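Report on one structure; see the data block that follows.
The values are calculated or read from the model by the stated rules, or taken from the named source; none is laboratory data. What you are looking at is a predicted structure, and each value in this text was computed from that prediction instead of being measured. Reconstructed Cβ throughout: ideal geometry from the backbone, glycine too, with neighbour counts over all protein chains shown. Accessible surface is based on the protein model in full, side chains and every heavy atom, while ligands, DNA and RNA are left aside. Shrake-Rupley method; radii C 1.70, N 1.55, O 1.52, S 1.80 Å.
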Amino acid sequence: MLRPEGWLLCEEGGQAVSLRQDFGAPSLQRRTQGGGLLRRAIGAGAGRPLEVLDATAGFGTDAYVLAAAGCQVTMCERHPIVATLLLDALHRAHTAGGKLATVAMRMSLRVCDACSVLPDTQFDVVYLDPMFPPRRKVALAKKLARSLWMLAGAGDVAQGGVLLALAQRSARQRVVVKRPPRAPPLPGTSPAHSLAGKLVRFDVYPRR
Ligand SMILES: C[S@@+](CC[C@H](N)C(=O)[O-])C[C@H]1O[C@@H](n2cnc3c(N)ncnc32)[C@H](O)[C@@H]1O
């Protein structure tokens, strides 16, 4: 439902969850400072700005971090409600001006299944963050992640493998896949290396 304060997602018989991506949120702005794992995995910051396809954009949090690091980010999101919320956040970033608008200018959204885009286009890097089941204790601070799971559902590992194979053909430099720390890599070829943090792991597949 749409309220003056923004979109709310209501689980039947449950609590309403606010669904407002805010690229200006302090927690997200902190992620854009310093050398984060994601930026290292992508290889952002060295040389010319990278063209990145974020094939599973969700609410665009990772895409914003990459755009803030100077990447030109094309996002694909197939779920119409998630895509609407992402467009709303992009629009607010554009109208806010300043740094938010500058970063948002480097982000564009295609509302489609990435499987239909990947065979016909090339990017320096393809980034995949397929859905995976939420951890048992999902903190309130992670409510955006929780609502994504409610909308888009738990992912299918086999579908992730299909995306990986298509991404490897499209990427000029590398494919990066976000995984839970102890989950196996997506089915297909093994990653050349991984960067692991406490909450996530990035599997890196350089172009062969
Ligand atoms: C875990 S979320 C991504 C979260 C995102 N990295 C972020 O920072 O907000 C995965 C998203 O990918 C979308 N998705 C999954 N498979 C897709 C596909 N083949 N094409 C486009 N979107 C896809 C889902 O609808 C979901 O919104």
Where the second residue is open to solvent by 20 Å² or more (accessible area, probe 1.4 Å) and of a type in the set (Val, Ile, Thr) and the first is more than 16 Å from VAL73 (Cβ to Cβ) and lies in region 168-190, which pairs have Cβ atoms under 8 Å and are six or more apart or on separate chains? GLN168/THR189; ARG179/VAL200; PRO180/VAL200; PRO181/VAL200; LEU186/VAL157; PRO187/VAL157
I need a count of the residues in region 19-49 that are touching a strand residue (DSSP E or B) at 6+ places or on another chain (Cβ under 6 Å) and modelled with pLDDT under 90. 2
Of all residues making up region 50-76, the number that are farther than 14 Å from VAL126 by Cα and open to solvent by 20 Å² or more (accessible area, probe 1.4 Å): 4
